(Lines give C-alpha, C1' and ligand atoms only; values in the text may rest on other atoms or scores of the structure.)
Protein backbone atom coordinates (compact mmCIF):
# COMPACT_ATOMS: atom_id res chain seq x y z
CA UNK A 1 0.00 0.00 0.00
CA UNK A 2 1.05 3.58 -0.63
CA UNK A 3 2.77 5.35 2.25
CA UNK A 4 1.59 8.69 3.63
CA UNK A 5 3.62 11.82 4.25
CA UNK A 6 3.29 14.28 7.14
CA UNK A 7 0.26 15.83 5.42
CA UNK A 8 -1.50 12.47 5.23
CA UNK A 9 -1.02 12.45 1.45
CA UNK A 10 -0.29 9.16 -0.35
CA UNK A 11 3.23 9.24 -1.79
CA UNK A 12 3.86 5.67 -2.95
CA UNK A 13 5.94 2.86 -1.57
CA UNK A 14 9.38 3.80 -0.27
CA UNK A 15 12.34 2.37 -2.20
CA UNK A 16 15.24 2.97 0.19
CA UNK A 17 17.57 0.52 -1.57
CA UNK A 18 16.91 1.72 -5.10
CA UNK A 19 19.93 2.77 -7.15
CA UNK A 20 20.08 3.74 -10.83
CA UNK A 21 20.78 0.73 -13.02
CA UNK A 22 23.47 0.23 -15.63
CA UNK A 23 22.80 1.16 -19.22
CA UNK A 24 22.39 -1.94 -21.42
CA UNK A 25 25.43 -2.87 -23.46
CA UNK A 26 26.07 -4.26 -26.91
CA UNK A 27 26.71 -7.87 -26.05
CA UNK A 28 25.85 -11.36 -27.25
CA UNK A 29 22.93 -13.13 -25.57
CA UNK A 30 22.93 -16.90 -26.12
CA UNK A 31 19.83 -19.06 -26.32
CA UNK A 32 19.01 -22.57 -27.48
CA UNK A 33 17.35 -21.69 -30.78
CA UNK A 34 18.89 -18.30 -31.42
CA UNK A 35 21.37 -15.79 -30.13
CA UNK A 36 21.24 -12.03 -30.14
CA UNK A 37 24.20 -10.11 -31.51
CA UNK A 38 24.59 -6.32 -31.69
CA UNK A 39 23.30 -5.42 -35.15
CA UNK A 40 26.16 -4.55 -37.50
CA UNK A 41 26.72 -3.95 -41.20
CA UNK A 42 28.06 -7.51 -41.53
CA UNK A 43 24.49 -8.73 -40.87
CA UNK A 44 22.87 -6.48 -43.46
CA UNK A 45 23.06 -8.55 -46.64
CA UNK A 46 21.78 -11.79 -45.12
CA UNK A 47 19.11 -10.02 -43.11
CA UNK A 48 17.89 -8.15 -46.18
CA UNK A 49 17.71 -11.45 -48.06
CA UNK A 50 15.70 -13.00 -45.22
CA UNK A 51 13.13 -10.19 -45.36
CA UNK A 52 12.91 -10.58 -49.13
CA UNK A 53 11.43 -14.05 -48.59
CA UNK A 54 8.15 -12.45 -47.47
CA UNK A 55 5.34 -12.59 -50.02
CA UNK A 56 4.72 -8.86 -49.67
CA UNK A 57 5.74 -5.86 -47.57
CA UNK A 58 2.96 -5.98 -44.98
CA UNK A 59 5.51 -6.51 -42.19
CA UNK A 60 6.73 -2.96 -42.88
CA UNK A 61 3.31 -1.32 -42.46
CA UNK A 62 3.77 -0.58 -38.76
CA UNK A 63 7.48 0.26 -38.89
CA UNK A 64 8.67 3.85 -38.89
CA UNK A 65 10.49 3.31 -42.20
CA UNK A 66 9.34 2.35 -45.65
CA UNK A 67 10.70 -0.90 -47.16
CA UNK A 68 14.18 -0.72 -48.60
CA UNK A 69 14.15 -1.41 -52.32
CA UNK A 70 17.78 -2.47 -52.51
CA UNK A 71 20.30 -4.06 -50.19
CA UNK A 72 22.49 -0.94 -50.39
CA UNK A 73 19.72 1.11 -48.76
CA UNK A 74 19.30 -1.45 -46.01
CA UNK A 75 23.05 -1.58 -45.48
CA UNK A 76 23.11 2.21 -45.09
CA UNK A 77 20.32 2.08 -42.51
CA UNK A 78 22.17 -0.55 -40.47
CA UNK A 79 25.31 1.57 -40.61
CA UNK A 80 23.33 4.56 -39.31
CA UNK A 81 22.07 2.72 -36.21
CA UNK A 82 24.75 0.19 -35.31
CA UNK A 83 26.60 2.53 -32.90
CA UNK A 84 23.61 4.17 -31.21
CA UNK A 85 23.28 3.99 -27.44
CA UNK A 86 19.49 4.26 -27.69
CA UNK A 87 18.04 2.34 -29.41
CA UNK A 88 20.45 -0.58 -29.18
CA UNK A 89 19.60 -2.87 -32.09
CA UNK A 90 20.20 -6.62 -31.99
CA UNK A 91 20.27 -9.13 -34.83
CA UNK A 92 18.54 -12.44 -34.14
CA UNK A 93 20.81 -15.25 -35.35
CA UNK A 94 19.32 -18.65 -36.14
CA UNK A 95 21.72 -21.10 -34.51
CA UNK A 96 20.97 -23.81 -37.07
CA UNK A 97 22.22 -21.70 -39.98
CA UNK A 98 24.28 -19.07 -38.16
CA UNK A 99 22.45 -16.42 -40.23
CA UNK A 100 20.45 -13.36 -39.12
CA UNK A 101 16.69 -13.79 -39.47
CA UNK A 102 15.31 -10.74 -37.69
CA UNK A 103 16.07 -7.82 -35.42
CA UNK A 104 14.75 -5.97 -32.39
CA UNK A 105 16.01 -3.34 -30.00
CA UNK A 106 16.15 -1.97 -26.50
CA UNK A 107 15.01 1.65 -26.59
CA UNK A 108 13.77 4.62 -24.54
CA UNK A 109 16.29 3.52 -21.95
CA UNK A 110 15.85 5.24 -18.58
CA UNK A 111 18.52 3.75 -16.33
CA UNK A 112 17.80 6.16 -13.47
CA UNK A 113 14.30 4.78 -13.09
CA UNK A 114 15.00 1.25 -14.31
CA UNK A 115 12.69 1.43 -17.32
CA UNK A 116 13.17 0.49 -20.97
CA UNK A 117 11.19 -0.67 -23.96
CA UNK A 118 11.54 -3.38 -26.56
CA UNK A 119 10.92 -2.03 -30.03
CA UNK A 120 11.82 -1.98 -33.71
CA UNK A 121 10.77 -5.64 -33.84
CA UNK A 122 11.08 -6.91 -37.40
CA UNK A 123 11.16 -10.67 -37.89
CA UNK A 124 11.56 -12.31 -41.30
CA UNK A 125 9.50 -15.34 -42.40
CA UNK A 126 12.44 -17.49 -41.27
CA UNK A 127 11.87 -16.38 -37.66
CA UNK A 128 8.19 -15.52 -37.29
CA UNK A 129 6.09 -18.10 -35.44
CA UNK A 130 9.11 -20.19 -34.46
CA UNK A 131 10.47 -20.99 -31.00
CA UNK A 132 13.35 -18.66 -31.82
CA UNK A 133 11.02 -15.67 -32.11
CA UNK A 134 9.78 -16.21 -28.55
CA UNK A 135 13.26 -16.97 -27.28
CA UNK A 136 14.62 -13.74 -28.76
CA UNK A 137 12.06 -11.76 -26.75
CA UNK A 138 12.79 -13.79 -23.62
CA UNK A 139 16.55 -13.22 -23.93
CA UNK A 140 16.07 -9.44 -23.86
CA UNK A 141 13.60 -9.65 -20.97
CA UNK A 142 16.00 -11.81 -18.97
CA UNK A 143 18.82 -9.37 -19.66
CA UNK A 144 16.66 -6.44 -18.52
CA UNK A 145 15.36 -8.01 -15.31
CA UNK A 146 17.90 -10.61 -14.19
CA UNK A 147 21.16 -9.05 -15.36
CA UNK A 148 20.48 -5.32 -15.15
CA UNK A 149 17.78 -5.29 -12.47
CA UNK A 150 15.31 -3.01 -14.25
CA UNK A 151 11.88 -2.44 -12.67
CA UNK A 152 9.75 -2.03 -15.78
CA UNK A 153 9.89 -3.35 -19.35
CA UNK A 154 7.59 -1.79 -21.95
CA UNK A 155 5.99 -2.63 -25.27
CA UNK A 156 4.25 0.01 -27.37
CA UNK A 157 2.51 -0.31 -30.71
CA UNK A 158 0.03 1.30 -33.05
CA UNK A 159 -3.43 0.64 -31.63
CA UNK A 160 -4.45 -0.71 -35.05
CA UNK A 161 -1.58 -3.20 -35.14
CA UNK A 162 -3.51 -6.25 -33.98
CA UNK A 163 -0.63 -8.73 -34.49
CA UNK A 164 1.61 -6.65 -32.23
CA UNK A 165 -1.09 -6.28 -29.60
CA UNK A 166 -1.67 -10.04 -29.62
CA UNK A 167 2.06 -10.72 -29.41
CA UNK A 168 2.42 -8.47 -26.37
CA UNK A 169 -0.42 -10.21 -24.56
CA UNK A 170 0.88 -13.66 -25.49
CA UNK A 171 4.30 -12.77 -24.06
CA UNK A 172 2.75 -11.72 -20.76
CA UNK A 173 2.68 -7.93 -21.08
CA UNK A 174 -0.19 -6.16 -19.34
CA UNK A 175 -2.23 -3.63 -21.33
CA UNK A 176 -2.12 -0.23 -19.63
CA UNK A 177 -3.96 2.13 -21.92
CA UNK A 178 -4.10 4.08 -25.17
CA UNK A 179 -2.37 7.38 -25.89
CA UNK A 180 -4.60 9.06 -28.44
CA UNK A 181 -3.05 10.97 -31.35
CA UNK A 182 0.39 10.22 -29.97
CA UNK A 183 2.31 10.31 -33.27
CA UNK A 184 2.13 11.05 -36.97
CA UNK A 185 3.67 8.13 -38.84
CA UNK A 186 4.00 8.05 -42.62
CA UNK A 187 1.38 10.79 -42.90
CA UNK A 188 -1.20 8.98 -40.74
CA UNK A 189 -2.40 9.38 -37.18
CA UNK A 190 -1.15 6.85 -34.67
CA UNK A 191 -2.83 6.11 -31.37
CA UNK A 192 -0.29 4.21 -29.28
CA UNK A 193 -1.16 1.29 -26.99
CA UNK A 194 1.07 0.78 -23.95
CA UNK A 195 1.93 -2.56 -22.35
CA UNK A 196 4.37 -3.45 -19.59
CA UNK A 197 5.93 -6.16 -17.46
CA UNK A 198 7.06 -5.32 -13.91
CA UNK A 199 9.94 -6.89 -12.03
CA UNK A 200 7.46 -8.40 -9.54
CA UNK A 201 5.74 -10.21 -12.42
CA UNK A 202 8.91 -11.44 -14.05
CA UNK A 203 9.73 -14.57 -11.96
CA UNK A 204 6.42 -16.27 -12.82
CA UNK A 205 6.66 -15.22 -16.46
CA UNK A 206 10.24 -16.45 -16.66
CA UNK A 207 9.22 -19.87 -15.33
CA UNK A 208 6.52 -20.11 -18.01
CA UNK A 209 9.00 -19.09 -20.73
CA UNK A 210 11.51 -21.71 -19.60
CA UNK A 211 8.86 -24.44 -19.59
CA UNK A 212 7.56 -23.39 -22.99
CA UNK A 213 11.04 -23.27 -24.53
CA UNK A 214 12.06 -26.65 -23.11
CA UNK A 215 12.71 -29.36 -25.70
CA UNK A 216 10.04 -31.63 -24.23
CA UNK A 217 7.35 -29.02 -24.88
CA UNK A 218 7.64 -29.76 -28.61
CA UNK A 219 6.74 -32.98 -30.38
CA UNK A 220 8.78 -34.60 -33.13
CA UNK A 221 7.09 -32.34 -35.70
CA UNK A 222 8.15 -29.27 -33.77
CA UNK A 223 4.64 -28.41 -32.61
CA UNK A 224 4.12 -27.10 -29.10
CA UNK A 225 2.46 -29.38 -26.58
CA UNK A 226 1.33 -26.49 -24.37
CA UNK A 227 1.00 -22.83 -25.27
CA UNK A 228 2.85 -20.11 -23.40
CA UNK A 229 -0.47 -18.95 -21.97
CA UNK A 230 -1.21 -22.47 -20.69
CA UNK A 231 2.13 -22.60 -18.90
CA UNK A 232 1.41 -19.22 -17.29
CA UNK A 233 -2.03 -20.32 -16.15
CA UNK A 234 -0.65 -23.57 -14.79
CA UNK A 235 1.80 -21.60 -12.68
CA UNK A 236 -1.05 -19.48 -11.29
CA UNK A 237 -2.98 -22.61 -10.37
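The values are calculated or read from the model by the stated rules, or taken from the named source; none is laboratory data. The shown structure was predicted, so the numbers you read here are calculated from the model rather than taken from an experiment. Neighbour counts run over all protein chains shown; Cβ positions are idealised from the backbone, glycine included.
Regarding region 6-17, can at least one residue be identified that is within 29 Å of residue 135 (Cβ to Cβ) and loosely packed, with under 13 Cβ neighbours inside 10 Å?
no
Filter region 34-50 down to residues that are in a helix (DSSP H, G or I) and over 13 Å from residue 75 (Cβ atoms), then give me how many there are.
The number of residues fulfilling the criteria is 1.
Working carefully through the options 200, 159, 196, 133, find the one that is buried (at least 20 other Cβ atoms within 10 Å of the Cβ) and out of contact with any helix residue (DSSP H, G or I) (no Cβ under 6 Å at 6 or more places or on another chain).
The match here is 133.
Here is a yes/no grid of residues against (1) without any contact (Cβ under 8 Å) to a residue 24 or more places away in the chain; (2) buried (at least 24 other Cβ atoms within 10 Å of the Cβ); (3) touching a strand residue (DSSP E or B) at 6+ places or on another chain (Cβ under 7 Å); (4) not in a helix (DSSP H, G or I):
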{"position": "83", "(1), (2), (3), (4)": "yes, no, no, yes"}
{"position": "93", "(1), (2), (3), (4)": "no, yes, yes, yes"}
{"position": "100", "(1), (2), (3), (4)": "no, yes, yes, yes"}
{"position": "117", "(1), (2), (3), (4)": "no, no, yes, yes"}
{"position": "126", "(1), (2), (3), (4)": "no, no, yes, yes"}
{"position": "140", "(1), (2), (3), (4)": "no, no, yes, no"}
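If the requirement is being modelled with pLDDT under 95, exposed (fewer than 15 other Cβ atoms within 10 Å of the Cβ), part of a loop (DSSP other than H, G, I, E, B) and out of contact with any helix residue (DSSP H, G or I) (no Cβ under 6 Å at 6 or more places or on another chain), which of these qualifies: 27, 64?
64
When you check residue 10 against the structure, is it in contact with a helix residue (DSSP H, G or I) (Cβ under 6 Å, 6 or more places away or on another chain) and more than 18 Å from residue 148 (Cα to Cα), yes or no?
no
Residues in region 169-193 that are surrounded by 14 or more Cβ atoms within 10 Å (Cβ to Cβ) and assigned to a loop (DSSP other than H, G, I, E, B): how many?
3
I need the full set of residues from region 142-168 which are within 12 Å of the chain's Cα centre (by Cα) and either modelled with pLDDT under 95 or in a helix (DSSP H, G or I) (or both), in order please.
142, 143, 144, 164, 167, 168
Can you give me the number of residues within region 175-193 that are free of Cβ contacts under 8 Å to residues at least 60 places away in the same chain, within 22 Å of residue 109 (Cβ to Cβ) and out of contact with any helix residue (DSSP H, G or I) (no Cβ under 9 Å at 6 or more places or on another chain)?
Number satisfying all stated conditions: 7.
Of the numbered conditions (1) part of a helix (DSSP H, G or I); (2) over 24 Å from residue 21 (Cβ atoms); (3) more than 17 Å from the chain's Cα centre (by Cα), residue 204 fails exactly one; give the number of that condition.
Failing condition for residue 204: (2).
Hey, residue 33 hits all of (1) in contact (Cβ under 8 Å) with a residue 60 or more places away in the chain; (2) touching a strand residue (DSSP E or B) at 6+ places or on another chain (Cβ under 8 Å); (3) under 30 Å from residue 189 (Cβ atoms); (4) surrounded by 12 or more Cβ atoms within 10 Å (Cβ to Cβ) but one; which does it fall short on?
Failed condition: (3).
Could you please let me know if residue 107 is free of Cβ contacts under 8 Å to residues at least 60 places away in the same chain, over 25 Å from residue 214 (Cα atoms), outside any helix (DSSP H, G or I) and in contact with a strand residue (DSSP E or B) (Cβ under 8 Å, 6 or more places away or on another chain)?
For residue 107, the condition - free of Cβ contacts under 8 Å to residues at least 60 places away in the same chain, over 25 Å from residue 214 (Cα atoms), outside any helix (DSSP H, G or I) and in contact with a strand residue (DSSP E or B) (Cβ under 8 Å, 6 or more places away or on another chain) - is met.
Do you know which residues across region 69-81 are crowded, with 18+ Cβ neighbours inside 10 Å and either under 18 Å from the mean Cα position of the chain (by Cα) or not in a helix (DSSP H, G or I) (or both)?
Passing the criteria: none in range.
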